[in-house]
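**Student:** Submitted below is the structure of interest, expressed as structure tokens.
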Amino acid sequence: MSAQLTEEQQRKIEENRRKALERRAQRLGQTTMINVIYFVNTTGGPGHLNNPSGLSTGVKPVQATPNPTSDATACTSSSSFYNRSIQPAQAAVAQLPSNTFTPKAASAKKPCVSVRGKCVSHTEGRFRVEVRYHAQLINVFKSIPSKNYDPSTKMWNFSHEDYRQLMEEAAGIPSVYLKPLEGKEALDLTAAVSRARDSVTLSAVLKLCKGWQKPGAVLQGQCVLVSRTKFEVDVGYHVDVITAFKQMPTKNYDMKTRKWSFSLEDYKMLMDLLGGIAAVEVEPLPRAVILAFSARFDGREASSSDVPEADLSAIDSTITLSLMPFQREGVNFAVSKQGRLLLADDMGLGKTVQAICIAAYYRKEWPLLVVAPSSVRFTWAEAFRRWLPSLNPDSINVVVKAKDELRSGLVSIISYDLLSRMEKQQQGGNPFNVLIMDESHFLKNMKTARCKAALPLLKAAKRVILLSGTPAMSRPSELYTQILAVRPTLFPRMHEFGVRYCDARQGTWGWDYSGSSNLGELRLLLEECLMLRRLKSDVLSQLPAKQRKVVTVTIDGINTRTKAALSAAAQELARGHRSEKEALLVFYNHTAEAKLQSIMEYITDMLECGREKFLVFAHHKLVLDHITTDLRKKNIGLIRIDGSTPSAERQQLCEKFQFSTNTCVAVLSITAANMGITLHSADLVIFAELFWNPGILIQAEDRVHRIGQTSNVNIHYLVAKGTADDYLWPMIQSKMNVLEQVGLSESNLSDNAVNSNFHSKDSKQRSIMEMFQSSFSADDDMDEAVLMAAANDWEDFPPEDTSGQH
């Protein structure tokens, strides 16, 4: 075959070159077309360049003589021809008139724009984008928090607050141009072109996620992210693979694990080399990982890990000044993630106060919905009243029954179970723009009614704040719905997530996602995109030794007889027809019965939240029996120490609790187990009932707060409205504050309790509380004897069984 180009080949080459020059001239803004005519001589060889139009190009005719000896020399001649052909265009541009578009200005122009659109006003505070379909642009639209699609007009509209984010991301798409909204400044096109260039690099890396399977491969492996800047290749030995590894500038071999790791900037080069080895198949990094860490793949300097400080000046100072440093960091992190995050701090680190502060940052976007376990609905309401004094208490709506109105307040609080029974109310009305999901691991199973009810709300919300002290890292499948709630685009399909992180196996009845794999990579991905988790050990220096918390519970579930008895006791006390002490004790005894259901709800919630060891203190035998029976029905391990427990057995029971590796609850009598035992393997104490003597309560707390305790201790007091607790709690509080002032108590209860001012504004409350003060302060020993006798008399005639109502 002749090495010489034919006349037809030369003609096509010149035609293509001329078209390329014309396109380049158009991009550079030239108004005059560059005409280049290439003459072919009779022998078929290249002739010379001429410019008959008279346009001065400053280029001398170029003569090129091909070597007809071989194909290779023909290719070389063709290559040199292309190199020389660039010169006329460069010279022509250099001599353009001064009023034409210069190359420097052209560098800021987006190349190859194929889709043009514009931003126009939509409604007050919102704008819409009028543009034809473009897949990459639609993905950008879906990532904007305030997105809304109108099916009737087939257009997307957004809040003005997200205008800059949308325009910046759209500017990063080389083929799209959006005309700015009237009155808004246009973006810097130079920066946009730079982003477009980065987008091209990212696109090349993302292409590696497709078509990597090799049916004939005999050796399989995978890439795994091991840090924010490095990845590891887990693959067996192959000589060609090792050769490829050694060519990487950032290669590192770990003698212990016998694995190679590399910097992310070498990822594409390495994957291209491995892709050329037919016998080896290496699974690339997931698309989600590449998008999350995109800045590290092209050698750019990694972005600073410091989260910018959020401006909290518009939020009540009551809450902002109370935040510990790590809690302030949590709020900053949430704002940097546009109010969409999973806050997975350890229990006792103040997730509630952080969530309220984050929600308050977006207060202009309310209504706000809080979904929480049933036992803490009123605790949330009290927390809002305490931390946000500027919020009208009447605007807080706690949904108690399925018939209640879900949207009657600016802040609505509902339980998971009630939410699943109110689907009709969810469909109508304005969406909740801000959503707090307390104990979000309740959503771990997508098939449950609570999850099906929550997902539409999560999808419609602009800000989503998930709270969970147990993020279930060992079972990634239980995290999927929470990831979907916060970042729907991260893993749109469960199967993709399951194969990578759940060690998915296909069985006879379908796929099994109950396993786990690549957990280190998953943790890095979640921390980069949506999750913040601090352990107590991380922030122990900022925590007090004890943290007391008041949990306000409800007695709505009690039967009619108990409710009537409780009401009669309160009225009898107020009228003063019998002795004060006797009336107070009757009120106290009826309170124990009224709290049974709410006590078990709270203990059950603690177990479902993953708490494996904790103490529950109560006074009445009725309450201790009820807790013990219920836990045994649930097959929960427990120990019980009360006044009937022989001294010889106490130590054995304590050792059983201390060294148990399974879930274990210590059910303890306030008066019989407040001293002489050590149970510091737990760091949570729940007081199911109150006791008038704070010294006894402090001694009971110290069963876990002792030498050997390496964590801070959380103390939860369950307080029921409409009961004797309304009067006992303020009395305990004032007494404990006195002890603190004289150095006999380590912490001031009113300062450290999450909410302490829960009691109602009943005009008779002060006088009843004074009765408690005077009746139970003169002689504590006598008080205890009288109380024990009354309790025994009460339990000789136990109330009717209400378990069927629980």
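**Student:** Arrange the following residues from fewest to most other Cβ atoms within 10 Å of their Cβ: CYS451, CYS357, CYS119.
**Tutor:** Result, fewest neighbours first: CYS451, CYS119, CYS357.
**Student:** Give me the dipole magnitude in Debye, nearest 20, for region 594-672 about the Cα centre, with unit charges on the beta carbon: positive for Lys and Arg, negative for Asp and Glu.
**Tutor:** 100
**Student:** Take the cross-link list LYS184/LYS459; LYS256/LYS536; LYS401/LYS452; LYS403/LYS721; LYS147/LYS179 and give me the ones stretching past 25 Å between alpha-carbons.
**Tutor:** Values: LYS184/LYS459 30 Å; LYS256/LYS536 31 Å; LYS401/LYS452 19 Å; LYS403/LYS721 22 Å; LYS147/LYS179 19 Å.
Distance filter (> 25 Å) returns LYS184/LYS459; LYS256/LYS536.
**Student:** Let me ask something additional. Taking a threshold of 24 Å on the Cα-Cα distance, which of the pairs LYS118/LYS154; LYS351/LYS633; LYS633/LYS656; LYS444/LYS613 fall above it?
**Tutor:** Values: LYS118/LYS154 15 Å; LYS351/LYS633 31 Å; LYS633/LYS656 20 Å; LYS444/LYS613 22 Å.
Pairs exceeding 24 Å: LYS351/LYS633.
**Student:** Another one. So what's Rg/Rh here for region 489-531, counting alpha carbon atoms and using the Kirkwood radius for Rh?
**Tutor:** 1.03
**Student:** Moving to a separate point now. Sort 250-257, 605-612 by the packing proxy (mean of other Cβ within 10 Å over each peptide's residues), most packed first.
**Tutor:** Values: 250-257: 10.9, 605-612: 16.9.
The peptides rank, most packed first, as 605-612, 250-257.
**Student:** Could you tell me whether region 252-395 comes out rounded, prolate or oblate from its Cα gyration tensor? Rule is a ≥ b ≥ c as square roots of the eigenvalues, rounded for a/c under 1.5, then prolate if a/b exceeds b/c, otherwise oblate.
**Tutor:** prolate
**Student:** Next question. Of HIS620, HIS590, GLN651, whose Cα points farthest to the positive end of the dipole of region 582-652 (charges on the beta-carbon: +1 Lys, Arg; -1 Asp, Glu; origin at the Cα centre)?
**Tutor:** Projecting each Cα onto the dipole axis, the largest value belongs to GLN651.
**Student:** Where the centre of each part is set by its Cα atoms, how far does region 306-340 sit from region 448-505, in angstrom?
**Tutor:** Going from one Cα centre to the other spans 25 Å.
**Student:** What does the net charge come to around GLY515 if you take all other residues with beta carbon closer than 14 Å to its beta carbon, with K and R at +1 and D and E at -1?
**Tutor:** It works out to a net charge of 0.
A short reminder: the numbers here are calculations on the coordinates, not readings from a lab. Keep in mind that what you see is a predicted model, and the values were worked out from it rather than measured. Every residue, glycine among them, receives a Cβ derived from its backbone with ideal geometry; neighbour counts consider all protein chains shown.
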